[in-house]
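Below is one structure, written out as structure tokens; the observations come after it.
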Ligand SMILES: [Zn+2]
């Protein structure tokens with residue numbers, strides 16, 4: 001037995017939140033625009049396949065999942081830095097063909113100065129690795145919270161007339177944003 005909407009007191013436009021969410025996704029597939037491709041003396045007309053998912057604003061406002069993890073920009077930065085660091089590391093070795101003037105102390109000091117950039121780069125790589133593992137750990141924790149969040153989410157009812165969400169036992173209409181915040185809190189990934 002569903003309780004009527006606390007906003008309008010009616011039931012006719014009330015729908016289960018998961019039904020609203022899944023109903024708001026539509027999958028499409030079709031032909032893209034025709035483009036002319038030069039081939040030999042003439043041109044060939046071809047069109048590409050397009051496909052995707054369209055999501056309604058209401059479905060998006062009821063999304064129970066944590067934001068997706070951003071793609072590996074940090075990973076790319078780490079690789080680039082590590083490569084740059086390796087180039088700097090070659091500096092002292094290249095200098096050994098043409099040793100700096102002075103005694104042993106001055107020589108050692110010269111090598112140490114030349115090694116400094118490589119050391120700095122590796123330090124930066126270490127910091128990036130630490131940031132990356134922290135982000136992966138946070139993401140894993142969010143994924144673990146999804147079942148708990150979904151349990152709360154599945155108890156929600158959406159009224160299409162009022163545009164709000166309510167729980168059967170609470171006589172209060174919530175905005176979709178407030179509802180999503182409660183769901184995220186249950187999953188431990190407050191936004
Ligand atoms: Zn209503």
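The values are calculated or read from the model by the stated rules, or taken from the named source; none is laboratory data. Because the structure is a prediction, the values reported are computed rather than measured. Note that we place each Cβ from the backbone using ideal geometry, even for glycine, and neighbour counts take in every protein chain shown.
Assorted remarks:
- Close pairs (8 angstrom Cβ cut-off, 6 or more residues apart or separate chains): within 24 Å of residue 139 (Cα to Cα) and free of Cβ contacts under 8 Å to residues at least 12 places away in the same chain in the range 162-191, more than 16 Å from the ligand (Cβ to nearest atom) and in a loop (DSSP other than H, G, I, E, B) anywhere: 181/190; 181/191
- Test: residue in the range 7-21 that is more than 16 Å from the ligand (Cβ to nearest atom), part of a loop (DSSP other than H, G, I, E, B), within 29 Å of the chain's Cα centre (by Cα) and closer than 27 Å to residue 185 by Cα: no
- Selection status of residue 99, outside any helix (DSSP H, G or I), at pLDDT below 75 and surrounded by 11 or more Cβ atoms within 10 Å (Cβ to Cβ): yes
- Given (1) at pLDDT below 90; (2) more than 20 Å from residue 69 (Cβ to Cβ), index of the condition residue 143 fails: (2)
- So residue 29, is it surrounded by fewer than 11 Cβ atoms within 10 Å (Cβ to Cβ) and either part of a strand (DSSP E or B) or within 16 Å of the ligand (Cβ to nearest atom) (or both): yes
- Sole residue being in contact with a helix residue (DSSP H, G or I) (Cβ under 9 Å, 6 or more places away or on another chain) and either more than 19 Å from residue 61 (Cβ to Cβ) or away from the ligand (no atom under 16 Å from the Cβ) (or both), chosen from 174, 123, 114: 114
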